[in-house]
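*Asks:* Mind looking over this structure? Questions follow.
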C-alpha cells in the first residue's frame, strides 16, 4: 500500500509537469492551429539556459533567465519562421516545426555532448517522510509550482484581455481580426507562453531523481505529446487530465515493473503511448477534444 | 538489364514524339550511368548509393502517405525495422540462440514485406480515422513500441547487440562477398546488391507512379485537399487512408530489407525517431506527393552525411568525429533541417518542382501530371 501511495504521488507530480508541457502545446494549437513538433527542443533550450547560467548568477535568477530565454526562442520561431508561411495548410506548418526541431535539437545536443548537467536546484535529494510514505522534496516542489502556474494561466486565459483575445482568435480568426484582435500578436504571445512553460517543465524534468539535463531529456519531453493528444488537442482541461494520466501511468508501470517482467524492461517509457493508443481507438478526438464538425 | 528492356517497352508504347525530347535522352544517359557505376566506384560510394536507394524506396512509400494523402506519419522507422528484422527472422538459420526459420532468402524478403504490411493493417483502426498531425503523434507510439520490442524480444532481435543479416540469394546468385569477376572487375556484395537495388527501386517507383496517376491517386489527393468533399463524391475515406497506410508500410518494409542487406547487421538504435524525421525531411525537401521528389530527397538526405564525412578535411567548420568540432553527421542535420524550413517557406513543391518548372513551358504539362 505504501508503495502504491508513493507511486501515485510521484505520478501526480510528474503528471503535473507533463501537463505544463502539454498546456503550452495546446495553447499554440488553439491560437494558430499549428501542431508544434519543436516543443521538445524548446524545453531542452530552457533547460540548457538554466543549466549553463546557475553557477554564475545563482539558481533563481537563472530560472527566470531560462524562462525568458525559452520564451524568446519560442517567439523567435513564430516571428522568423511561422509568420513567413503564406499558404493556408496547417499540416505543412507542422512539418516546418519538425525542421525547426531538427535544427534546435542538433544544436543543443551538440552543446550538451555526453554531459549530464545539474540545474543547481536547492532541493537536492532530500526526502520528506510522513508516516511510512516518503516523497522527494523536488516532487513536491514540482507539483506546487506546476499547480500554481497552471492556475495562473487558466485565470489569465479566462479573465485578462490577453486571454479573451486568444480565445476569440481560436474561435474564429476572421471575426477576431475584425474586432481589433491583432492575430500576429496573439500567436507571438502563444509561442512565448509555451516556451516559458516548457522551461519550467525542463527544470522539474531534470531534478532528482533524474540525473540531470542530458540528450535523453528531449525524449522525456516527448511524453507530453500523448498527454496533449489523449486529452484532446484543443482542450486545456484535456491537457491537464492527459498530463496526469500519463504521469500516473508511467509511474505505476515503472514502479511495478518487477511484477511485469514478462513485458520486458523499460515499460514505464512505453506506457503513456499504449494508453494514448487505447484512448484514440475509443475516442479519436481525445477525451475532451471537440469532435470536428464541418459545414459543407 | 531488365529495366532497360522495360524502359524500351514503355518508350515504344508511348507517343512517338517522346523520342525527340531531350528528356528521353537524359533518362537513357542516367540509366546507362547507373548501370555502369559499379565498374568504376569503390566500395564506399557503392554503399552510400545503396543506402540512398533503400532510402528512396522508403521515401516513396512515405510520400504516398504523407505527400499524396496528407497523413503525417512519424512511425516510418517502425516499419523499416519490421522489414529488416522480419527478413533476419525468416531467413536466419537459428544460430546463437536466435529464432530463425531458415526459409529461402527471397521468400524471407517477400514475407518480411508482407509482415510490414500486416503491421500497418493492424494500425488501420487508428490510421483510418485520424488525420494530419493527430496521426503524426499517434504514430509516435509505434516508434516507442518498436524500440521496446527490439530491445526486449531477445530471441527475435538479439536485443541491443542486434543480429547478423543472412545474405540474399536469388536465381543461384548469392549477394555476399564471394567474388565474381565481371569484365575484370571483382564483384563483391555491394556491386551485386547495386543491381538488385536498382531493379527494386525502379519497380517501386513505377508502381507508385501508377498508383498516383490512376484512380487511387486522384482519390488520395482529393482526401488530402478536401476530405469532406472527397467523401461526398464517393471516396471511401477511411478505407483509402488505411489502405495507403498499409501500402506505405510495405514500401518501408522493403526498404528495411534492403537496408539490412547493405548493413549486414541490424541494430535497434538505428530505428529510432531520428530515422523517421529523416524520412520526413527527404519527402519535404524532394517534393511532397511525387515519386521523383521522394527519390531526389532521399538522395540528398542520405548522401549528405557521407559526402561530408568523406570530405570533412577539406571543408571549413566540419571536423572528424571526436575532435570537438561539428561532426559530419551534425553538419548534415543542420543542413537538412534548414532545408526543410527553407523549402516549405520558399519552394513549396521541393526539388521536384524545379525540374517540373523547367520542362513545363515546352511540354505544356500541368504540374499535376508530373506526378
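The values are calculated or read from the model by the stated rules, or taken from the named source; none is laboratory data. Since the structure is predicted, the reported quantities are computational estimates derived from the model, not experimental observations. Cβ placement follows ideal geometry from the backbone for every residue including glycine, while neighbour counts extend to all protein chains displayed.
*Asks:* Which residues, counting only those in the range A:122-150, are crowded, with 20+ Cβ neighbours inside 10 Å and either within 14 Å of chain B (Cβ to nearest Cβ) or not in a helix (DSSP H, G or I) (or both)?
*Replies:* Correct list: A:136 only.
*Asks:* Given the residues A:248, A:241, A:207, which is the only one that is buried (at least 20 other Cβ atoms within 10 Å of the Cβ), farther than 24 Å from residue A:76 by Cβ and modelled with pLDDT under 85?
*Replies:* So the residue among A:248, A:241, A:207 that is buried (at least 20 other Cβ atoms within 10 Å of the Cβ), farther than 24 Å from residue A:76 by Cβ and modelled with pLDDT under 85 is A:207.
*Asks:* Moving on to the next point. Just one of B:298, B:339, B:355 is in the same structural domain as residue B:64 (by TED's automatic domain parsing), assigned to a helix (DSSP H, G or I), surrounded by 15 or more Cβ atoms within 10 Å (Cβ to Cβ) and at pLDDT below 75; which is it?
*Replies:* None of the others qualify; the one that does is B:355.
Table: residues versus (1) within 14 Å of chain A (Cβ to nearest Cβ); (2) under 26 Å from residue B:195 (Cα atoms).
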position	(1), (2)
B:237	yes, no
B:241	yes, no
B:246	no, no
B:251	no, yes
B:259	no, yes
B:279	yes, yes
B:288	yes, no
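*Asks:* Moving to a separate point now. Hey, can you tell me all the residues within the range A:93-111 that are within 22 Å of residue B:137 (Cβ to Cβ) and within 7 Å of chain B (Cβ to nearest Cβ)?
*Replies:* Hits for the range A:93-111 are A:94, A:95, A:96, A:98, A:99, A:100, A:102, A:103, A:106.
*Asks:* Anything in the range A:82-92 that is buried (at least 20 other Cβ atoms within 10 Å of the Cβ) and at the interface with chain B (Cβ under 8 Å from one of its Cβ atoms)? List them, or say none.
*Replies:* A:91 - this is the single residue of the range A:82-92 that is buried (at least 20 other Cβ atoms within 10 Å of the Cβ) and at the interface with chain B (Cβ under 8 Å from one of its Cβ atoms).
*Asks:* Pairs please, first residue from the range B:119-133 and more than 10 Å from every other protein chain (Cβ to nearest Cβ), second anywhere and in a loop (DSSP other than H, G, I, E, B), Cβ atoms under 9 Å, 6+ apart in sequence or on different chains.
*Replies:* Hits for this filter: B:127/B:71; B:127/B:73.
*Asks:* Could you tell me which residue of the range B:148-171 is nearest to residue A:254 (Cα to Cα), considering only residues that are buried (at least 22 other Cβ atoms within 10 Å of the Cβ) and within 12 Å of another protein chain (Cβ to nearest Cβ)?
*Replies:* Among them, the one singled out is B:150.
*Asks:* Shifting gears a bit: Among the helices (runs of 4 or more DSSP H) confined wholly to the range B:63-153, which include 1 or more residues that are within 16 Å of residue B:163 (Cβ to Cβ), more than 17 Å from the chain's Cα centre (by Cα) and assigned by TED's automatic domain parsing to the domain that holds residue B:284?
*Replies:* Output list reads B:76-91, B:105-122, B:132-152.
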